[in-house]
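The values are calculated or read from the model by the stated rules, or taken from the named source; none is laboratory data. In this text the structure is predicted, and so the values were computed from the model without any measurement. We place every Cβ from the backbone using ideal geometry, glycine too, and count neighbours over all the protein chains shown.
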Amino acid sequence: MEHYNKTTQEIIKRVSCPYQVFLSNTTVEEVNQAYHKSFEQGKKEGFVPVLVISDSILLDTLEILEEPSYSKEALLQQELDGEKILQEYMKYHSYFQHDFQEDPSEFFQEELNYKRSTSLSSFRIYGDKEQIKEMILFEVPVQNPWEVIAWIPMGNWNACPNASDMMAICKKWYQTCGAIPAVISHDTLEFFVKHPVKEKQTAWELAKEHCLFCPDTFDIDLTLKSVAEYIYQASIWHFWWD
């Protein structure tokens with residue numbers, strides 16, 4: 001491990017499960033190929049892969065794994081109700097109630113033929129299409145994709161959900177869309193979506209959930225229509241918290 005950066009080494013120690021490291025000279029395509037190969041392998045061997053960006057702030061967040069009060073096992077045994085949590089978020093983020101009254105008719109009527117990216121990419125270095133940040137592909141010994149959050153509990157700050165809420169919402173989205181948490185850093189979460197949304201009504205309702213889950217991503221003068229357009233037929237979802 002001596003040729004990995006120190007942050008990478010410390011994250012590996014804290015997460016403590018089988019891994020593969022990608023150095024910054026690896027291409028985006030190579031990382032995607034490795035992830036999907038690992039995902040298929042995990043179905044047979046009983047693990048779920050997740051890409052974790054070598055991130056010093058995330059490393060600090062992962063100190064929680066060493067605290068006596070934190071228990072992956074207890075978190076994994078919790079009853080997870082993503083619908084209930086999203087309803088609670090609606091009360092907290094009450095300013096969205098006006099935005100959610102937006103007329104969907106224009107979205108329902110328009111032709112949408114966007115060319116969608118099918119590649120995970122939140123680990124790219126900003127401004128560079130190919131160079132990536134150093135990162136780790138962990139083989140997390142869980143049965144369900146949403147359970148990787150218990151092993152890499154990012155969040156629980158500002159509007160970023162805590163691990164329990166995040167798991168519940170990820171479970172809901174996996175069961176409805178096959179959305180798999182695939183890339184994690186201290187402030188981003190990227191999903192690979194096995195069953196992209198093909199019904200506009202579903203995309204419209206899901207857009208509301210995306211806004212509640214991650215208000216920061218959509219605070220930059222976006223409308224519910226633009227969020228629904230982003231979701232419609234997309235196999236990659238990206239969230240970022242400020």
Worksheet item: Can you name every residue in the stretch 150-187 that is among the polar types (S, T, N, Q) and buried (at least 20 other Cβ atoms within 10 Å of the Cβ)?
Response: S185
Worksheet item: Consider K115 against the criteria (1) more than 21 Å from the chain's Cα centre (by Cα); (2) under 25 Å from F22 (Cβ atoms); (3) of a type outside the set (D, E): it satisfies all of them except one. Which criterion is unmet?
Response: (2)
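When you scan the stretch 90-104, do you find a residue that is of a type in the set (G, A, S), in a loop (DSSP other than H, G, I, E, B) and more than 24 Å from A234 (Cβ to Cβ), even just one? Explain how you work it out, then say what you get.
Let us first name the residues in the stretch 90-104 that are of a type in the set (G, A, S), namely 94.
Checking the rest, the ones that are also in a loop (DSSP other than H, G, I, E, B) come to 94.
Next, from what is left, pick out any that are more than 24 Å from A234 (Cβ to Cβ): 94.
There is at least one residue in the stretch 90-104 that is of a type in the set (G, A, S), in a loop (DSSP other than H, G, I, E, B) and more than 24 Å from A234 (Cβ to Cβ).
Are there helices (runs of 4 or more DSSP H) fully within the stretch 141-242 with at least 2 residues that are in contact with a Cys (Cβ under 9 Å, 6 or more places away or on another chain)? List them. Outline the logic, then answer.
Working: elements: 148-151, 163-177, 200-213, 224-231.
The helices (runs of 4 or more DSSP H) meeting that bar are 148-151, 200-213, 224-231.
Based on what the data block shows, is L75 within 17 Å of I149 (Cβ to Cβ), within 19 Å of the chain's Cα centre (by Cα) and either assigned to a helix (DSSP H, G or I) or of a type in the set (G, A, S) (or both)? Walk me through it before giving the result.
Values: within 17 Å of I149 (Cβ to Cβ): yes; within 19 Å of the chain's Cα centre (by Cα): yes; either assigned to a helix (DSSP H, G or I) or of a type in the set (G, A, S) (or both): yes.
Judged against the criteria, L75 is a match.
Mind counting the residues in the stretch 102-132 that are more than 21 Å from F39 (Cα to Cα) and modelled with pLDDT of 85 or more? Walk me through it before giving the result.
Applying the first criterion (more than 21 Å from F39 (Cα to Cα)) to the stretch 102-132 yields 102-116, 125-131.
Filter again for modelled with pLDDT of 85 or more, leaving 102-111.
Within the stretch 102-132, residues that are more than 21 Å from F39 (Cα to Cα) and modelled with pLDDT of 85 or more number 10.
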Discussion item. Any residue in the stretch 13-38 that is over 12 Å from S119 (Cα atoms) sitting within a Cβ distance under 7 Å of a residue that is at pLDDT below 95 and of a type in the set (S, T, N, Q)? List the pairs, counting only those 6 or more apart or interchain.
Written reply: S24/Q131
